[in-house]
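The values are calculated or read from the model by the stated rules, or taken from the named source; none is laboratory data. Quick caveat, the model's predicted, so the values are computed rather than measured. Cβ placement follows ideal geometry from the backbone for every residue including glycine, while neighbour counts extend to all protein chains displayed.
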Amino acid sequence: MKKQITFLFLAAIMSSALVAQTKTASKLGTSLKLSHTDSLMCGKEWHVISVEEWSVVTKPPGEKNATDMLQMGTDMTYTAILFGKKSSGTWSRSGQYIYFVNPASGDKFSYKVIAVDPKSIKVDYRDPDETHSIFVMEAK
């Protein structure tokens, strides 16, 4: 009985240490381990080459997306230009979604990742009005 209590006590301590480490890593903008897909997206400057809105594909992108880009770091930081507006901060991932937060302005946005390969990514951006924009980006 004493061994079981000791084991449970040690397991509880190890679990809380792991949770604390994960929370600390999140606050610092670091990741314990990036997935293969995340690694493919990091360290490159992605530029929008086409935009699909309301089933209409614009390639090359129109004026409002001409300078749009995304750069994600393995340190969980990002720099982006979305609809001509520059943003930077931290990113995190949950399933198919990448969440971006600019701590200076409080702005947040997310992408649903549709496809990733070493040379291109395809993401679905949904604005606050629930309008979808599908971006295809290439590494430059």
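Side notes on the structure shown:
One line per residue, one yes/no per condition, for (1) in contact (Cβ under 8 Å) with a residue 40 or more places away in the chain; (2) surrounded by 18 or more Cβ atoms within 10 Å (Cβ to Cβ); (3) in a loop (DSSP other than H, G, I, E, B); (4) in contact with a Pro (Cβ under 7 Å, 6 or more places away or on another chain):
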| residue | (1), (2), (3), (4) |
| --- | --- |
| 51 | yes, yes, no, yes |
| 64 | no, no, no, no |
| 67 | no, no, yes, no |
| 74 | yes, no, yes, no |
| 79 | no, no, no, no |
| 88 | no, no, no, no |
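- Boolean, residue 39 is modelled with pLDDT under 95 and not assigned by TED's automatic domain parsing to the domain that holds residue 113: no
- Scanning region 111-132 for residues that are modelled with pLDDT under 95 and among the hydroxyl-bearing types (Ser, Thr, Tyr) yields one hit, 131.
- Number of positions in region 90-111 that are among the β-branched types (Val, Ile, Thr) and touching a residue at least 24 places away in the same chain (Cβ under 8 Å): 2
- The set of residues in region 97-120 being under 16 Å from residue 39 (Cα atoms), surrounded by fewer than 13 Cβ atoms within 10 Å (Cβ to Cβ) and not small (Gly, Ala, Ser) consists of 117, 118, 119.
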